Amino acid sequence: MEKVFLKFDGREASQGRLHYYEYTRSQYATARFISTVEHFRRTQKVAQRITRSVAVEILVETPKEGSFLEVLFIKAQETAASAIAAPLGPLISFVWSTILPRSEKTDSDLIEMARIQLATEKERTKQGFQESERMNALQNIIESQSATTLQALTLLQNTLPENAAYGRANLDSSRLSEINSEMQQEHENQKLLLPHKAAFQNIDSDALAQLTSRIRPMVPEMALPLKKSANTLSIGGDNESKPYVLLNPTNVAEITEKSLDDEVTELEIHVRSYDRDRGIGKVTSPELKRQLNFAVPPAKQFALLENILESMAVDKALLECRTYRDKSGEISSLLLVDISPIYGR
């Protein structure tokens, strides 16, 4: 059996209590979420209804005091015919990282931290008459408008909150702690997923998009106790200190406000950066109102890597993508279908 924990923290949950109506609705949504992901693991198909053939046997352990910690034991159906050769836990982590990638606010805050630290390094260089490799790394983050997970953790290690520039950028100790938690979680998830990378790269891109579209409406129900009973919900596996995801009202809204267009759109773009570890890049285009993130489905990351790198080396590229839109209908991010560099223009 695999272990999954759900931990509500803050408000009533800190006393080991939740509002009953919120709790029961949350548990029903969580059962649907786990059954949907486990069925997808076995079949690589998205169940439209949770029937007896789809449902997974889930046992629950008594909640613990000090927070509302609930431990579930999942009797995953291991068969030789499982479509995805990975345990349920890493697949749950993978699904969360797909529907809730690093926020744009965290990206912009990391870039601002790089600017502050670059200014500090330049001052040190003036005083010591030395070139700094760290300056080059910081300059690269600023120019690419992107920081890898390890670069982000290095930025956090070198942050001095007493520097007044952080306060002017609204990067107080509380916000820096939030970013650090997000980056530590991102780093731990990358380590968890690495042994199963090949299995996730074999997931059909359309099936994955269908799965995430099916799951998004479940998230507000799972997080319903965040309305009155708790401030956060963490979901993880064997190690309570290393959750797969930490939900709060802000990122729950981010998940539910997105919708994915069915049609493929062509855009002439400039690739600003690409993080091959996360499969996330940044593009600009005269056809877009602002710089946007694009995500590369795991099944296409290896096949399209050369094209992405070649597209970064030229001024323009042709991007085929599906667009995510927010509630107002504005394009908020892109899901890459194909990309090719445009030469000689």
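The values are calculated or read from the model by the stated rules, or taken from the named source; none is laboratory data. As the structure is a prediction and not an experimental result, all values here were calculated from the model. Every residue, glycine as well, gets a Cβ built from its backbone with ideal geometry; the counts of neighbours run over all protein chains shown. Only protein heavy atoms, including side chains, enter the accessible area calculation; ligands, DNA and RNA are left aside. Shrake-Rupley method; radii C 1.70, N 1.55, O 1.52, S 1.80 Å.
Can we say SER181 is open to solvent by 40 Å² or more (accessible area, probe 1.4 Å), hydroxyl-bearing (Ser, Thr, Tyr) and within 17 Å of the chain's Cα centre (by Cα)? Yes; evaluated as a whole, the condition is true for this residue. Among residues of segment 203-224 that are under 18 Å from ILE50 (Cβ atoms) and charged (D, E, K, R), those with a beta-carbon under 8 Å from a residue that is open to solvent by 30 Å² or more (accessible area, probe 1.4 Å) and not in a loop (DSSP other than H, G, I, E, B) at least six positions away or on a different chain give the pairs ARG216/THR256; GLU221/ARG25; GLU221/TYR28.
Of all the criteria given as (1) open to solvent by 30 Å² or more (accessible area, probe 1.4 Å); (2) touching a residue at least 60 places away in the same chain (Cβ under 8 Å), the one not satisfied by ASN239 is (2).
Just so you know, in segment 119-152 the residues that are closer than 19 Å to ARG276 by Cα and hydrophobic (A, V, I, L, M, F, W, C) include one that is modelled with the lowest pLDDT, and it is ALA137.
So that you can scan it fast, the table gives a plain yes or no per residue for (1) open to solvent by less than 60 Å² (accessible area, probe 1.4 Å); (2) within 22 Å of PRO217 (Cα to Cα); (3) outside any helix (DSSP H, G or I):
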position: TYR274; (1), (2), (3): yes, no, yes
position: GLY281; (1), (2), (3): yes, no, yes
position: GLU287; (1), (2), (3): no, no, yes
position: GLN301; (1), (2), (3): yes, no, no
position: LEU304; (1), (2), (3): yes, no, no
position: ILE308; (1), (2), (3): yes, no, no
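Is it the case, given these coordinates, that SER340 is of a type in the set (Ser, Thr, Tyr) and under 20 Å from SER205 (Cα atoms)? Yes; evaluated as a whole, the condition is true for this residue.
To keep it simple, each residue is scored yes or no on (1) in a helix (DSSP H, G or I); (2) β-branched (Val, Ile, Thr); (3) out of contact with any Leu (no Cβ under 7 Å at 6 or more places or on another chain).
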residue	(1), (2), (3)
MET113	yes, no, no
LEU118	yes, no, no
GLU162	no, no, yes
PRO195	yes, no, yes
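Residue count for segment 173-193, restricted to those that are over 21 Å from ILE141 (Cα atoms) and either part of a loop (DSSP other than H, G, I, E, B) or without any contact (Cβ under 8 Å) to a residue 40 or more places away in the chain (or both): 3. Check GLU143 against each of (1) among the acidic types (Asp, Glu); (2) touching a residue at least 24 places away in the same chain (Cβ under 8 Å); (3) under 23 Å from LYS282 (Cβ atoms) and name the one condition it does not meet. Among (1) among the acidic types (Asp, Glu); (2) touching a residue at least 24 places away in the same chain (Cβ under 8 Å); (3) under 23 Å from LYS282 (Cβ atoms), the lone unmet condition for GLU143 is (2). Contact map, segment 19-41: residues that are open to solvent by 10 Å² or more (accessible area, probe 1.4 Å) paired with residues that are β-branched (Val, Ile, Thr) and outside any helix (DSSP H, G or I), Cβ distance under 8 Å, separation 6+ or inter-chain. Pairs shown: ALA31/ILE50; ALA31/ILE58; ARG32/ILE50; HIS39/VAL46; HIS39/VAL54; HIS39/VAL56.
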